[in-house]
Ligand code: SF4
Ligand code: SF4
């Protein structure tokens, strides 16, 4: 059963983070290959409504993808209004924290129960190294969010080689926030190995409340969830996950979830499916490996 989707509502960002794998994938060459085009997000939401109407289960929608979602705050507000009567549909987004929303916009997200996560990679020097010197702006908006909602947002930190060298300092930094931290593994050309990441997580969870486990993504400390319960919608297409947008798409974005739930993949889920395919150098066509 499909339980979660991410919808990429734009392909633009105001930052150029050093490790951004969307920027890597959104090179001119890939832009042509991926064939960017607008997507009918209301149609996707209609399909979600129909699906949860049938199963009555909790369904999570992440408005996150190939860019900074809050650049399209007015669109997000329309989507939230469109699904507001469906209690089973939960929503979240992750922002780079540099967009100065009006207080009324933050309040709107809060009043419509959207969980907002902020990307914050750690103490100032480290965050600035990875994320375009944005630390002060991000911290200002985190504080603003806290003042309005009376709690810290969830925080998302990407762990790279420099983070591993400074893990004590990172843990001490995050220990000041009374919130859950999602540590994700840096992938791509600056990436670290799954083993290095898991070692870091073991260390971190001794002192912090961290997100871990479940069918989700090995980048977030869980098992690879592709083809189990979640999909990624972008550019009018459905992909196995956000990291798989340079692999063949699965279906078009107007496909209903009763159709998507039929997809079943078998592989060792403690590994990243995308990396398995890359290591086998056969990611051009799923049929060649007999998995799909
Ligand atoms: S904020 Fe996110 S999408 Fe934008 S450049 Fe950084 S990692 Fe990429
Ligand atoms: S294929 Fe890799 S990046 Fe995608 S969900 Fe699985 S573990 Fe995560």
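For the reader, a short list of remarks on this structure follows.
The rows are residues; the columns are (1) in contact (Cβ under 8 Å) with a residue 12 or more places away in the chain; (2) under 30 Å from residue 16 (Cβ atoms).
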{"position": "44", "(1), (2)": "yes, yes"}
{"position": "47", "(1), (2)": "yes, no"}
{"position": "51", "(1), (2)": "yes, no"}
{"position": "59", "(1), (2)": "yes, no"}
{"position": "67", "(1), (2)": "yes, yes"}
{"position": "71", "(1), (2)": "yes, yes"}
{"position": "74", "(1), (2)": "no, yes"}
{"position": "79", "(1), (2)": "yes, yes"}
{"position": "84", "(1), (2)": "yes, no"}
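- Of all the residues in segment 231-264, those that are within 8 Å of ligand 2 (Cβ to nearest atom) and within 21 Å of residue 51 (Cβ to Cβ) number 3.
- Exclusive hit being closer than 27 Å to residue 171 by Cα and at pLDDT below 90, set 227, 290, 222: 222
- Being at pLDDT 90 or above, in contact with a helix residue (DSSP H, G or I) (Cβ under 9 Å, 6 or more places away or on another chain) and either within 25 Å of residue 98 (Cα to Cα) or more than 16 Å from ligand 1 (Cβ to nearest atom) (or both) is a property that does not hold for residue 66.
- The condition of being modelled with pLDDT of 95 or more, closer than 24 Å to residue 224 by Cβ and out of contact with any helix residue (DSSP H, G or I) (no Cβ under 6 Å at 6 or more places or on another chain) does not hold for residue 96.
- Selected residue (only one of 77, 60 is in a helix (DSSP H, G or I), more than 16 Å from ligand 1 (Cβ to nearest atom) and surrounded by 15 or more Cβ atoms within 10 Å (Cβ to Cβ)): 77
- Among the residues making up segment 193-211, those that are more than 14 Å from ligand 2 (Cβ to nearest atom) and in contact with a helix residue (DSSP H, G or I) (Cβ under 7 Å, 6 or more places away or on another chain) are 196, 200, 203, 204, 207, 208, 210.
To keep it simple, each residue is scored yes or no on (1) in contact with a strand residue (DSSP E or B) (Cβ under 8 Å, 6 or more places away or on another chain); (2) in contact (Cβ under 8 Å) with a residue 60 or more places away in the chain; (3) assigned to a loop (DSSP other than H, G, I, E, B).
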residue: 208; (1), (2), (3): yes, no, yes
residue: 212; (1), (2), (3): no, no, yes
residue: 219; (1), (2), (3): yes, no, no
residue: 228; (1), (2), (3): yes, no, yes
residue: 233; (1), (2), (3): yes, yes, no
residue: 238; (1), (2), (3): yes, no, no
residue: 243; (1), (2), (3): no, yes, no
residue: 247; (1), (2), (3): yes, no, yes
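- Test result for residue 118, under 16 Å from residue 17 (Cβ atoms) and surrounded by 15 or more Cβ atoms within 10 Å (Cβ to Cβ): yes
Residue by residue, here is whether (1) closer than 30 Å to residue 111 by Cβ; (2) buried (at least 21 other Cβ atoms within 10 Å of the Cβ); (3) away from ligand 1 (no atom under 16 Å from the Cβ) holds:
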residue: 149; (1), (2), (3): yes, no, yes
residue: 157; (1), (2), (3): yes, yes, no
residue: 166; (1), (2), (3): no, no, yes
residue: 177; (1), (2), (3): yes, no, yes
residue: 180; (1), (2), (3): yes, no, yes
residue: 185; (1), (2), (3): no, yes, no
residue: 193; (1), (2), (3): no, no, yes
residue: 228; (1), (2), (3): no, no, yes
residue: 231; (1), (2), (3): yes, yes, yes
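The values are calculated or read from the model by the stated rules, or taken from the named source; none is laboratory data. What you see is a predicted model; the values in this text were computed from it and never measured. A quick note on method: Cβ atoms are made from the backbone with ideal geometry, for glycine too, and the neighbour counts reach across all protein chains shown.
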